[in-house]
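In what follows, a structure is listed as structure tokens, so that the remarks can point back to it.
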Amino acid sequence: MTNVIIVAIDGPAGAGKSTVAKTLAKKLGFLHIDTGAMYRSVTLAALRQKADLKNDLELEKIARESKIELKPGEPENMVFLNGEDVSKEIRTPEVTRASAHIANSVPVRKILVARQQQMGRNDSATYGGAVLEGRDIGTDVFPDAQYKFYLDASVETRAERRLRDLERAGTASTLEKVMAEVKARDERDMNRAVGGLRKTSESIVMDHSDLTVDQSAEELFQYIRQNPR
Ligand code: C5P
């Protein structure tokens, strides 16, 4: 690897990875790459084209033809699909649900992993490094990352956060329902044949159920400062 620093943040849905990664990248002056947004963008493209979500050939073609750009923004980063701002649309419950099929597609993963490696290695060169967040960053995308964080939080905490997000977006739900969804997503994320979420012997495991996003990002930042690599 060239002399860029790669910070991998993996963990289950709702552990706060996106906001922590964004804040941490800002503190470090690094590029932030939200890989979940890339899977979501391909999902949106597939839904719009009414593709068969179980047909790898169709999905592969869609992934190949999807130009996905991640741009820094406040309070949220922006995501463009073939030049169109889809930042909001990729976060709907429909896309969240359907994204499990896209995440299961081996050819799609191949395409997106290669793009993430390219972004991490080359696009981040001017920044000195990149913070990538997802499920398989420390295992498949950058197994040689200098820092591999595994950000965890209890099911209860993650469900409460998710419920608040849904309420903010104007979608009604209940804690019970959201907890069941969080557990189901964990199950899918951890048991995927390729690109499944798992800790490695090098993972720096942190459970930040009781921390705010800012405190959590600060913990990671201090770890990196105190452990230069
Ligand atoms: O993290 P987020 O909820 O945005 O992820 C969207 C979808 O992409 C989920 O289904 C998740 O399992 C999948 N994903 C993945 N690999 C990654 C990042 C996300 O399979 N590196």
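The values are calculated or read from the model by the stated rules, or taken from the named source; none is laboratory data. Since the structure is predicted, the reported quantities are computational estimates derived from the model, not experimental observations. All Cβ positions, even for glycine, are placed from backbone atoms using ideal geometry, and neighbour counts span all protein chains on display. Side chains are part of the model used for accessible areas, which takes the heavy atoms of the whole protein and leaves out ligands, DNA and RNA. Shrake-Rupley method; radii C 1.70, N 1.55, O 1.52, S 1.80 Å.
Answer yes or no as to whether residue 66 is open to solvent by less than 10 Å² (accessible area, probe 1.4 Å), away from the ligand (no atom under 13 Å from the Cβ) and at pLDDT 95 or above.
yes
Give region 15-33 a look and list any residue that's among the charged types (D, E, K, R) and open to solvent by less than 20 Å² (accessible area, probe 1.4 Å), or say none.
Within region 15-33, just 17 meets the criteria.
Quick one: which residue in 79, 113, 131 is in contact (Cβ under 8 Å) with a residue 24 or more places away in the chain and in a helix (DSSP H, G or I)?
113
Return the residues of region 199-229 that are within 18 Å of residue 142 (Cβ to Cβ) and surrounded by 16 or more Cβ atoms within 10 Å (Cβ to Cβ); say none if nothing qualifies.
203, 204, 220, 224
Name the residue, out of 159, 193, that is crowded, with 20+ Cβ neighbours inside 10 Å and under 19 Å from the mean Cα position of the chain (by Cα).
None of the other options fit; the residue is 159.
Inside region 26-55, can you point out the residues that are farther than 21 Å from residue 86 by Cβ and not in a loop (DSSP other than H, G, I, E, B)?
26, 27, 28
Against the definition (part of a strand (DSSP E or B) and either open to solvent by less than 50 Å² (accessible area, probe 1.4 Å) or among the acidic types (Asp, Glu) (or both)), how does residue 9 come out, yes or no?
On the way: part of a strand (DSSP E or B): yes; either open to solvent by less than 50 Å² (accessible area, probe 1.4 Å) or among the acidic types (Asp, Glu) (or both): yes.
Spelling it out, residue 9 is indeed part of a strand (DSSP E or B) and either open to solvent by less than 50 Å² (accessible area, probe 1.4 Å) or among the acidic types (Asp, Glu) (or both).
Mind checking which residues of region 162-181 are part of a loop (DSSP other than H, G, I, E, B), exposed (fewer than 12 other Cβ atoms within 10 Å of the Cβ) and without any contact (Cβ under 8 Å) to a residue 12 or more places away in the chain?
170, 172, 174
May I ask you to say which residue of 113, 178, 205 is touching an Asp or Glu at 6+ places or on another chain (Cβ under 9 Å) and more than 25 Å from residue 32 (Cα to Cα)?
Residue meeting the stated conditions: 178.
When region 133-145 is examined, which residues are found to be surrounded by fewer than 17 Cβ atoms within 10 Å (Cβ to Cβ) and either closer than 19 Å to residue 72 by Cβ or more than 16 Å from the ligand (Cβ to nearest atom) (or both)?
Residue satisfying the conditions is 144 alone.
Could you tell me how many of the residues in region 72-87 are at pLDDT 95 or above and either of a type outside the set (A, V, I, L, M) or more than 12 Å from the ligand (Cβ to nearest atom) (or both)?
Going through region 72-87 one residue at a time, the tally reaches 9.
Filter region 88-132 down to the residues that are touching a strand residue (DSSP E or B) at 6+ places or on another chain (Cβ under 7 Å) and open to solvent by 10 Å² or more (accessible area, probe 1.4 Å), then identify the one that is farthest from the ligand (Cβ to nearest atom). Steps first, please.
Of region 88-132, the ones touching a strand residue (DSSP E or B) at 6+ places or on another chain (Cβ under 7 Å) are 90, 116, 119-120, 123-124, 127-132.
Still in the list and also open to solvent by 10 Å² or more (accessible area, probe 1.4 Å): 119, 123, 127-128.
On the way: 119: 13, 123: 17, 127: 20, 128: 22 Å.
Only one residue fits best here, namely 128.
Return the residues of region 182-224 that are more than 25 Å from residue 104 (Cα to Cα), part of a loop (DSSP other than H, G, I, E, B) and among the aliphatic types (A, V, I, L, M); say none if nothing qualifies.
211
Scan region 82-110 residue by residue and report those that are acidic (Asp, Glu) and part of a helix (DSSP H, G or I).
Initial filter on region 82-110 (acidic (Asp, Glu)): 84-85, 89, 94.
Matches in region 82-110: 89, 94.
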